[in-house]
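Worksheet: the structure to be examined is printed underneath.
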Amino acid sequence: MRLRAVVVATAVSWLVLLQSKSNAEQKSCDLFEGKWVFNSSSSYPLYNYTSCPFIQKEFNCHNNGRSDDLYLKYNWQPHSCSLSRFDGENLLKTYKGKSIMFVGDSLSRNQWESLICMLIAAVPEINYTHTSSAELTIFTFTDYEVKVMLDRSVYLVDLVGEAQGRILKLDSIQGGKRWLGVDTLIFNTWHWWNRRGASQPWDYIEVDGQLYKDMDRVVAFEKALNTWATWVDENIDPTSIMPNVFFQGISPSHYNGSEWNEPQAKSCVGQKEPVAGETYPGGLPPALAVVKKVLGTMKKAVVLLDVTSLSLMRKDGHPSVYGLPSMDCSHWCLPGVPDTWNQILYNLII
């Protein structure tokens, strides 16, 4: 079990065995290595922004005035196989009586909203309930008794208010009590780790009982991930039949055109097509190496939903000036790139 866990956790991505056409031999397929292919079919995207009332304003690019739609016509194509088309009804049947939870920041919300819209479009007459609190949003598909939840936990570790001020506790994870008993968890964090000034939500960082005014943010990120990894190892059943813990990877931003060989482009504004080719010129974000390092230390087999490379190519997929109220090259339009994340997630689960 230990060897299996390390192999899965340290892999750059999840390997799926597929039958060859002759059904006599098998080949491995890396779902995260491939290219974006233009598809003019009317069968994509899988839902319409007008038919899903749960897309928040900041992600609803067409509703905010974006008129081009080429970015909706690119499908992800792995090199050695094809992704199965997302089948929302099949996913709901598979998870009957079970639960899925996204845990993280607004990029987790991006993916959660995408999945909700994909499921509603797949089963239009389905009954559901929707409840929300400060931390937890629960979407229940009552016909199947399936809960698809979102836990807003931007650092995964605890951020608490105490006498000294707001403290980010890198070795405390009391929020994990909300994750217990969930059948499939998809974690994410990084987006908030470099915030400074007025947008920084903490006053001090605490490690081993010591308070620090600040520290290297990548170091702090790794310490927090190690705390999260220990929680997963101690609290998640390692004998589960299906892969029940995923880490979303690092969702990239596009604020510097020189990273994709367009130095005249100051941001993602006006971008209508993916980066040409199959390799992102600017390279991978350093945070991804930290994620892989921590996953490699874990006893529990956590599947890396390695969306970083394929998303780096999609400079065209951000809200940009259609994010409202501010320009946004970090999040993603819906419908859009997170739909592909969920299609890959579906292929890994089903």
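The values are calculated or read from the model by the stated rules, or taken from the named source; none is laboratory data. Here the structure is a predicted model, which is why all the values come from computation and not from measurement. FYI the Cβ positions are ideal-geometry reconstructions off the backbone, even for glycines, and counts take in every protein chain you see. Please note that ligands, DNA and RNA were not included when accessible areas were found on the heavy atoms of the full protein model with its side chains. Shrake-Rupley method; radii C 1.70, N 1.55, O 1.52, S 1.80 Å.
Over all other residues within a Cβ to Cβ distance under 13 Å of MET101, the charged ones net out to +3, with Lys and Arg as +1 and Asp and Glu as -1. Taking all Cα pairs closer than 8 Å and separated by 6 or more residues, the relative contact order of region 26-154 comes to 27 percent. Think of each Lys and Arg Cβ as +1 and each Asp and Glu Cβ as -1; about the Cα centre, that makes the dipole of region 161-216 roughly 240 debye. Placing SER40, SER251, SER114 in order of accessible area, with the largest value first and a 1.4 Å probe, yields SER40, SER251, SER114.
With all distinct Cα pairs included, what does the Kirkwood hydrodynamic radius of region 225-350 come out to in Å, to one decimal, could you say?
16.2
Ordering MET327, SER251, THR131 by Cα displacement along the dipole of the chain toward the positive end leaves SER251 in first place; charges were set at the Cβ atoms of Lys, Arg (+1) and Asp, Glu (-1). Quotient of the Cα radius of gyration of region 175-237 and 2.2 N^0.38 Å, N being its number of residues: 1.30.
Classify region 52-110 as rounded, prolate or oblate from the Cα gyration tensor: take a ≥ b ≥ c as the square roots of its eigenvalues, call it rounded if a/c is under 1.5, otherwise prolate when a/b beats b/c and oblate if not. Verdict is oblate for region 52-110.
Taking every C-alpha pair closer than 8 Å and separated by at least 6 residues, the mean separation divided by the residue count of the chain gives a relative contact order of 25 percent. Once the mean of 1/r is taken over each pair of separate Cα atoms and inverted, region 180-299 shows a Kirkwood hydrodynamic radius of 17.3 Å. Between their Cα atoms, which of LYS169/LYS213; LYS272/LYS315; LYS35/LYS93; LYS177/LYS293; LYS73/LYS272; LYS57/LYS177 are more than 19 Å away from each other? From the list (LYS169/LYS213; LYS272/LYS315; LYS35/LYS93; LYS177/LYS293; LYS73/LYS272; LYS57/LYS177), the Cα-Cα distance tops 19 Å for LYS35/LYS93; LYS177/LYS293; LYS57/LYS177.
Largest accessible area first, the residues GLU273, GLU162 order themselves as GLU273, GLU162 under a 1.4 Å probe with ligands, DNA and RNA left out. The figure for TYR212 is an accessible area of roughly 90 square angstrom, using a 1.4 Å probe on the protein chains alone. Over all projection directions, the Cα-based convex hull of region 77-145 averages an area of 5.7 nm².
The dipole here belongs to region 80-121: it is taken about the Cα centre, uses +1 on the Cβ of Lys and Arg and -1 on the Cβ of Asp and Glu, and is about 180 debye. Charge dipole (Cα centre; +1 on Lys/Arg Cβ, -1 on Asp/Glu Cβ; no other charges) of the chain amounts to roughly 260 debye.
PHE54 sits with roughly 40 Å² accessible to a 1.4 Å probe, with DNA, RNA and ligands left out of the calculation.
Counting alpha carbon pairs within less than 8 Å and at least 6 residues apart, what relative contact order, in whole percent, applies to region 183-302? Relative contact order, region 183-302: 33 percent. With contributions of -39500 (n - 2.57) from each DSSP H run of at least four residues, the per-residue ellipticity at 222 nm computed over the chain stands at -7000 deg cm²/dmol. Calculated over region 116-259, the projected area of the Cα convex hull averaged across directions stands at 12.1 nm². With a 1.4 Å probe rolled over the protein heavy atoms of all chains, the accessible area of TYR322, TYR346, TYR44, TYR128 falls in the order TYR128, TYR322, TYR44, TYR346, largest first. Beta-bridge orientation, the chain: approximately 60 percent antiparallel, per DSSP, counting only bridges with both partners inside.
The tail of the calculated P(r) for the chain beyond 35 Å holds 21 percent of all Cα-Cα pairs. Since only VAL232, TRP193, TYR212 are under comparison, the one whose Cα sits farthest along the positive direction of the charge dipole of region 189-335, derived from C-beta charges on Lys, Arg, Asp and Glu, is TRP193.
A Förster distance of 45 Å, applied to the separation of the beta-carbon atoms of LYS96 and ALA289, puts the FRET efficiency at 0.70. Counting only protein heavy atoms and using a 1.4 Å probe, the accessible area of CYS52 comes to about 10 Å².
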